[in-house]
Amino acid sequence: MTCSKIISGDLPELTYEIIQYLRNDISTLYSCILVNRLWCRLTIPLLWEDPFSIKGSKNYHFIEIYLKYDDCDYFNIAFKLILQNQSFIHKIKNLNLTIYSAPRINITSIIPYLKSINTISSLYYNFYGHSYNPQNINKIHLSQIINSQKNSKKLIITFRKIVFNDTFNEVFEQLNVLESIHIIDCKVLNSFIQQILDITKPFKLKTLFMKKELPNIDLLQLLLQKSGNYIENVSFGPLMNSDTDTKRKSFELITRYCKKIQFLELLGFDHQNIYSLLLFNLVQNLNYLSIYYIDANLFVLQNLDQILPFKLEYLNLDFFIENANNFEIFLSIDYVLKLGCVKVLIFYHI
């Protein structure tokens with residue numbers, strides 16, 4: 001009974017004494033942080049009293065793990081403990097900061113910490129919403145975070161499942177060392193694209209995933225005219241459920257303006273719009289291709305070697321095959337056999 005109370009946190013004083021007794025048993029402390037929030041809160045300060053004196057390893061990847069999985073209630077405590085170790089801080093050159101746009105997290109509280117680190121040369125900012133409820137991101141927070149490291153030489157920003165309800169063009173105008181921008185499954189894209197078009201500086205958009213929302217075709221064209229030379233990763237979701245004319249125009253825009261695509265993910269093909277696949281021949285830099293929900297009739301399977309890029313390294317096909325013999329034809333194609341990595345998902349409709 002007493003043991004269960006200790007584990008559940010009903011006896012915090014006794015739990016504290018037990019963990020203090022284990023302060024020199026590093027491997028056991030690693031396990032303690034996984035028990036529950038109380039044990040995690042009591043254990044982390046011990047691990048970070050002097051993490052660089054731990055014998056047997058100079059791999060400090062565990063710090064990244066703690067920050068990633070630590071509850072947001074203890075994030076500030078953890079960050080302060082790291083900052084107190086100057087031998088660690090003055091060596092930081094690359095900072096990868098992921099911010100989840102949850103109401104419980106006070107983004108502004110970490111700004112002073114970021115300003116105290118003046119040796120960072122490369123910044124990776126990741127702003128994540130939630131798949132079930134995309135979150136807004138405040139332009140003031142974004143501006144403060146970016147301005148905290150004005151001396152950085154490289155900046156990469158990723159927006160994932162964020163709602164662009166605010167105006168960001170002024171923030172992006174301040175960026176002089178922007179390496180790339182990644183937009184993944186965000187919402188209110190039309191408004192955001194319009195802001196991008198108003199920016200006078202080059203907008204180095206490298207990733208554009210549109211599974212949640214497809215922008216207006218005219219705006220998409222203007223965006224690709226501005227940033228198409230930078231785009232390397234493209235994913236279309238709802239687009240594949242659009243009418244044939246919309247599909248054709250969208251692929252024409254992609255192949256016209258985006259000559260450096262390496263990753264392409266598409267959803268919703270059938271044999272009636274197979275001509276769209278032929279456009280892939282214009283994307284010869286492609287090395288990763290995923291196509292979902294293909295009606296794989298005999299014509300499609302026999303002509304894969306003419307449709308797919310020659311340098312493709314990874315192929316992910318989600319097939320609807322009515323005849324098993326057609327799949328044998330697919331396996332016999334020399335092009336497929338020469339691919340370095342092939343992932344095939346098969347659904348038989350008999």
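Structural remarks
- Criterion (basic (Lys, Arg), at pLDDT 65 or above and touching a Gly at 6+ places or on another chain (Cβ under 8 Å)) met by exactly one of Lys247, Lys259: Lys259
- Elements of the type helices (runs of 4 or more DSSP H) sitting completely within the range 122-210 and holding at least 2 residues that are at pLDDT 80 or above and within 17 Å of Ser227 (Cα to Cα): these cover 189-198.
- When residues in the range 186-222 are screened for being under 21 Å from Leu289 (Cα atoms), touching a residue at least 40 places away in the same chain (Cβ under 8 Å) and out of contact with any helix residue (DSSP H, G or I) (no Cβ under 8 Å at 6 or more places or on another chain), 2 of them pass.
- When residues of the range 177-188 are limited to those that are surrounded by fewer than 21 Cβ atoms within 10 Å (Cβ to Cβ) and of a type in the set (A, V, I, L, M, F, W, C), the one farthest from the chain's Cα centre (by Cα): Val177
The values are calculated or read from the model by the stated rules, or taken from the named source; none is laboratory data. Note that the coordinates shown come from a computational prediction; the quantities given were computed from them, not determined experimentally. Positions of Cβ are generated from backbone atoms using ideal geometry, with glycine treated the same way; all protein chains shown enter the neighbour counts.
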